[in-house]
Amino acid sequence: MQSLQRLCKSTWGASFQKARHLYTAVVRPAMVYGAKVWMTPGGVPGYKKGITRPLEKMQNQALRHIAGAYKSVPEAILQKETEILLLYLYI
């Protein structure tokens, strides 16, 4: 996450498209590695609602760095503007 933050500086960093590509190709697969083992989809017996919340927080932090958004921007708007799937849909 720190590397992504350093690469996405507003004055000299990577462009939006390159930062988004970096996130989708490198950061997100590493972040959710193994999540398919312990996550159960909604509607399945044994589903727990908040189990992916730590991963969602990490994704939102990364999207804020990519888009250059403030902390007050809602998560749904960030995901729509960056065209990144919701984390549970990706998993």
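The values are calculated or read from the model by the stated rules, or taken from the named source; none is laboratory data. Just so we're clear, the structure is a prediction, and the values are computed from it rather than from any experiment. So basically every Cβ, Gly included, is an ideal-geometry build from the backbone, and we count neighbours across all protein chains shown.
For LEU4, the conditions (1) closer than 19 Å to GLU81 by Cβ; (2) in a helix (DSSP H, G or I); (3) without any contact (Cβ under 8 Å) to a residue 40 or more places away in the chain all hold with the exception of (3). Checking LYS9, LYS36, LYS18 one by one, the residue that is in a helix (DSSP H, G or I) and at pLDDT below 80 is LYS36 and no other. Could you tell me whether any residue of segment 34-52 is surrounded by 12 or more Cβ atoms within 10 Å (Cβ to Cβ), under 18 Å from SER3 (Cβ atoms) and not β-branched (Val, Ile, Thr)? So far as segment 34-52 goes, no, none of its residues is surrounded by 12 or more Cβ atoms within 10 Å (Cβ to Cβ), under 18 Å from SER3 (Cβ atoms) and not β-branched (Val, Ile, Thr).
Checking each residue of segment 41-53 against the condition of being among the small types (Gly, Ala, Ser) and under 15 Å from GLN79 (Cα atoms) gives no match. Against the numbered list (1) more than 12 Å from the chain's Cα centre (by Cα); (2) modelled with pLDDT under 85, TYR88 comes up short only at (1). Applying the selection to segment 43-79, what residues are in contact (Cβ under 8 Å) with a residue 24 or more places away in the chain and of a type in the set (Asp, Glu)? Hit for segment 43-79 is GLU56, nothing else. Evaluated against (1) over 21 Å from LEU89 (Cβ atoms); (2) free of Cβ contacts under 8 Å to residues at least 40 places away in the same chain, PHE16 falls short on exactly one condition, (2).
Scanning segment 62-81 turns up at least one residue that is surrounded by 14 or more Cβ atoms within 10 Å (Cβ to Cβ), part of a loop (DSSP other than H, G, I, E, B), within 16 Å of the chain's Cα centre (by Cα) and at pLDDT 80 or above. Can we say SER15 is of a type in the set (S, T, N, Q), surrounded by fewer than 10 Cβ atoms within 10 Å (Cβ to Cβ), over 16 Å from LEU78 (Cα atoms) and over 12 Å from the mean Cα position of the chain (by Cα)? Yes: the conditions hold for SER15.
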